[in-house]
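Beneath this line is the structure, given in structure tokens, with notes to follow.
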Amino acid sequence: MVQNNIAVIRGDGIGIEVVEEGIKVLEAVSENYSFNLSFKEFPWSSRYYMDNGVMMPSDGLNTLSSFEAIFLGAVGHPDIQDHITLNGLLLPIRRSFDQYVCERPSVLYQGIESPLAGKKPFDIDMVVIRENTEGEYANVGGFQYMDFPEEIGIQTGVFTRKGCERVIRYSFELARKRNKKKHLTSITKSNAQGYGMLVWDRAFERVSAEYPDISTSSLLVDAAAMDFIRKPEDFDVVVGSNLFGDILTDIAAIITGSMGLASSANLDPEGRYPSMFEPVHGSAPDIMGKGIANPMAQILTGAMLLKHLGHTDAATDIEKAVLSILSQGEIVTPDLGGSSSTSSVGDAIVAELGK
């Protein structure tokens, strides 16, 4: 029997609750197949930071490197500035393990009503690929005259030919595999950012020549945000920089019903290092501990983890079980108009797997 070793970081807020349901579903589906998932938990979180002054120990990355994948809930706490949690845990993992692809699907499922009028199930079916290791989140810059009236902050975006080409090439390959519209949209802002984004645009033009079977378009990020609302059904695969991908995927999640359905994967496509799987929604401290968080994003993220490990049939089973529960519309959390608890949704998906 194949055994896969998974590091688990529940993190903060609702991450603690939804990871519980994600593991419950992963363990249930593995019973139907010839693989075993071994989970090892690490308490790295905002609470860990409050107690130790760091988000994870100095050897944390070395510890994680021995696992095949990382299953993360969420990090973030209202008493800690976001840059501490981001730079103390998430970004070091993404950069150290070269998880240069952040893959975020957004689908309008059966049983879900989009806030956009007239959209039917599966009218919206896109994947946003976010460059995940450089761009605007490269954290290059510094301060001058800190705490003086003349205080200056310099923030530099970093765009490399290699970094742009590899994430764009991944996006073309995905557009080819999806067998949908076979269309790739590049997100840019080179009219205002005339250096880094030109490196991006030129990379897109070069790589496009390798994929004559894939139609392409290039949109300024503000126009893309408008078209995500105006005509989201036109999009298939979208590729953007770290910042642009981050912003657009929040829009994509909301127009497909809820942040509680937004799954995500931080991937090293070459498989040299562990990839990390985390939902988009964050720690949601306003509802933590109430037992009403939607676990479906975490559960669908678990399906992405299985697919990455090669357990495609098991991943499909999870996706089908979630879609079945959504289409029935009886056991859903308040964000989807229901009154069910986090755990009852997880239990319902496990029961659906049994069918």
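Based on this model, can you work out whether residue 147 counts as within 29 Å of residue 257 (Cβ to Cβ), out of contact with any Asp or Glu (no Cβ under 6 Å at 6 or more places or on another chain) and surrounded by fewer than 22 Cβ atoms within 10 Å (Cβ to Cβ)?
Criteria not met by residue 147.
Which of the residues that make up the range 17-55 are of a type in the set (D, E, K, R) and either in contact (Cβ under 8 Å) with a residue 24 or more places away in the chain or within 18 Å of residue 289 (Cα to Cα) (or both)?
Of everything in the range 17-55, those that are of a type in the set (D, E, K, R) and either in contact (Cβ under 8 Å) with a residue 24 or more places away in the chain or within 18 Å of residue 289 (Cα to Cα) (or both) turn out to be 17, 20, 21, 24, 40, 41, 47.
Go through the range 91-141 and report how many residues are among the small types (Gly, Ala, Ser) and within 30 Å of residue 325 (Cβ to Cβ).
Number satisfying all stated conditions: 5.
Could we say that residue 158 is at pLDDT below 95, surrounded by fewer than 17 Cβ atoms within 10 Å (Cβ to Cβ) and either farther than 18 Å from residue 305 by Cβ or small (Gly, Ala, Ser) (or both) here?
no
Just to verify a result, which residue in the range 228-262, among those that are in a loop (DSSP other than H, G, I, E, B) and touching a His at 6+ places or on another chain (Cβ under 9 Å), is modelled with the lowest pLDDT?
This residue is 258.
Could you tell me which of the residues 243, 267, 220 is surrounded by 15 or more Cβ atoms within 10 Å (Cβ to Cβ), touching a helix residue (DSSP H, G or I) at 6+ places or on another chain (Cβ under 8 Å), at negative phi and aliphatic (A, V, I, L, M)?
Answer to the selection: 267.
Whether any residue in the range 263-280 is aromatic (Phe, Trp, Tyr), in the same structural domain as residue 81 (by TED's automatic domain parsing) and part of a loop (DSSP other than H, G, I, E, B) is what I want to check.
yes
So residue 272 fits all but one of (1) within 12 Å of the chain's Cα centre (by Cα); (2) surrounded by fewer than 24 Cβ atoms within 10 Å (Cβ to Cβ); what number is the exception?
For residue 272, the exception is condition (1).
The values are calculated or read from the model by the stated rules, or taken from the named source; none is laboratory data. Just so it is clear, the model here is predicted, and its values are computed rather than measured. Heads up, the Cβs are rebuilt from the backbone with ideal geometry, glycines too, and the neighbour counts pull from every protein chain shown.
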